[in-house]
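Below is one structure, written out as structure tokens; the observations come after it.
Quick note: the coordinates plus some simple rules give every number you see, no bench work behind them. Not measured: the values here are computed from a predicted model. Virtual Cβ from ideal backbone geometry, glycine too; neighbours counted across all protein chains shown.
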Amino acid sequence: MKQEELTLLKKWFAGYCASFSTPVREDQQNITVKQHHTHEVCENALRIGRALQLNEGDLPLAEAIALLHDVGRFPQYQRYKTFDDSISVNHATLGVHVLLEKNVLGTLPEDQRDLIVHSVTLHNVYSLTGKLDERTMLFTKLIRDADKLDIWRVFVDYFSQDHEGRATAVGLGLPDVPDYSPAILACLARGEMVNKADLRTLNDFKLLQLSWLYDLNFAASLRMVLERGYIDKLAKVLPDVRQINDAVAFARAYVERKLTVAGKALQAGKS
């Protein structure tokens with residue numbers, strides 16, 4: 001992708017976001033959260049892409065996917081006042097509909113259009129299954145990592161704010177009570193991702209975010225997790241009980257182990 005093509009997409013996205021501006025404070029707060037999230041996901045995608053040594057044409061393409069991955073969030077919130085796909089609509093599918101309906105990708109080569117559509121469609125699925133070609137798999141994994149890395153930031157900020165300052169749609173309406181689900185802890189103990197359908201409380205949601213560590217694809221992403229202190233920050237807002245502390249320690253050891261393996265592989269490749 002050429003930089004001038006990316007610039008045009010950025011111009012379209014800015015105008016698209018502006019079309020959802022509203023004087024209603026709560027609604028504008030939620031829209032602003034998603035707009036800022038998109039900017040940060042773009043930065044994450046670029047950083048991961050550089051670590052993967054993507055070429056000058058593929059870096060803008062990775063950024064374009066990040067720019068467009070959540071366009072469905074804006075009409076989703078406008079129509080349903082929620083970011084919870086389970087009670088509204090799949091925001092990735094809605095985003096692709098927006099891109100196609102408005103012909104946002106019309107000037108791009110067909111292979112780039114298809115790649116963006118596939119990556120946006122798959123960025124929020126529970127896991128990547130089925131057969132994808134190597135290039136589509138690479139960019140889809142990249143956007144999934146870049147997205148998670150900023151969702152952690154959004155939720156850490158959310159948990160650190162008082163209720164009045166919070167963007168209301170971020171917590172998905174889950175009850176903020178001391179309870180947590182043993183089944184979700186069991187999932188974490190197996191080193192598996194938690195399914196959003198199993199969430200019952202806000203603590204469950206925090207544990208789900210901890211489980212996302214097991215779905216990161218690149219060493220650069222794992223390094224960013226440690227660099228930004230996300231494991232410690234999530235642990236700080238979870239109940240201080242043995243079962244949860246064990247789950248946090250298990251997740252931390254997993255990240256450190258994966259980075260050690262990646263480091264050894266890198267050294268072996270240089271020797």
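Taking amide H as placed 1.01 Å from N in the peptide plane, the amide H of residue 52 sits under 5 Å from none that are at least 5 places away or on another chain.
3J(HN,Hα) along region 65-81: 4, 4, 4, 9, 5, 10, 4, x, 5, 6, x, 4, 5, 4, 7, 10, 6 Hz, from the Karplus curve 6.51 cos²θ - 1.76 cosθ + 1.60 with θ = phi - 60°, whole Hz, x for Gly and Pro.
Going from the fewest other Cβ atoms within 10 Å to the most, the residues 187, 17, 42 appear in the order 17, 187, 42. Working note: Karplus 6.51/-1.76/1.60 with θ = phi - 60° gives region 109-118 the couplings x, 4, 5, 6, 4, 4, 5, 5, 4, 5 Hz, where Gly and Pro are set to x.
So if the hydrodynamic radius of region 3-147 is defined as the Kirkwood radius over C-alpha pairs, what does Stokes-Einstein give as its diffusion coefficient at 20 °C and 1.002 mPa s, in µm² per second? Can you show the working numbers first?
Numbers: Rh = 15.5 Å.
In µm²/s, the coefficient rounds to 138.
Per the Debye formula on identical point scatterers at the alpha carbon atoms of region 137-260, with no solvent, log10 I(q)/I(0) at q = 0.09, 0.22, 0.23 Å⁻¹ is -0.23, -1.43, -1.54.
On the beta carbon distance between residue 196 and residue 131, with R0 = 25 Å, the FRET formula returns roughly 0.50. When each of 259, 202, 68 is scored by the number of other beta-carbon atoms lying within 10 Å, the sequence from fewest to most is 259, 202, 68.
So how do 210, 216, 52 line up by other beta-carbon neighbours within 10 Å, fewest first?
In order of increasing Cβ crowding within 10 Å: 52, 216, 210.
Compared with the alpha-carbon gap, the fully stretched path from residue 250 to residue 154 is longer by 32.2 nm at 0.36 nm per residue.
How would you rank 19-28, 226-235, 150-159, highest first, on the average number of other Cβ atoms within 10 Å across their residues? All intermediate terms of the calculation are to be shown ahead of the outcome.
Details: 19-28: 12.0, 226-235: 15.9, 150-159: 18.1.
Sorting 19-28, 226-235, 150-159 by mean packing, highest first, produces 150-159, 226-235, 19-28.
Considering helices alone, the calculated mean residue ellipticity of the chain at 222 nm is -21000 deg cm²/dmol, with DSSP H runs of length four and up weighted by -39500 (n - 2.57) and normalised per residue. As a calculated quantity, the FRET efficiency between residue 3 and residue 29 at R0 = 35 Å, using C-beta atoms, amounts to about 0.60.
What number comes out for the charge environment of residue 141, summing +1 per Lys or Arg and -1 per Asp or Glu over other residues with Cβ under 14 Å away? Around residue 141, the charge tally is -3. In summary, the lysines within cross-link reach of residue 236, defined as a Cα separation below 16 angstrom excluding same-chain residues under 8 places away, comprise 206. For region 3-147, the number of Lys pairs with C-alpha atoms closer than 27 Å, counting only pairs eight or more positions apart or on separate chains, is 14. One decimal place: the segment residue 81-residue 179 gains 32.7 nm when fully extended, by the rule 0.36 nm per residue minus the C-alpha distance.
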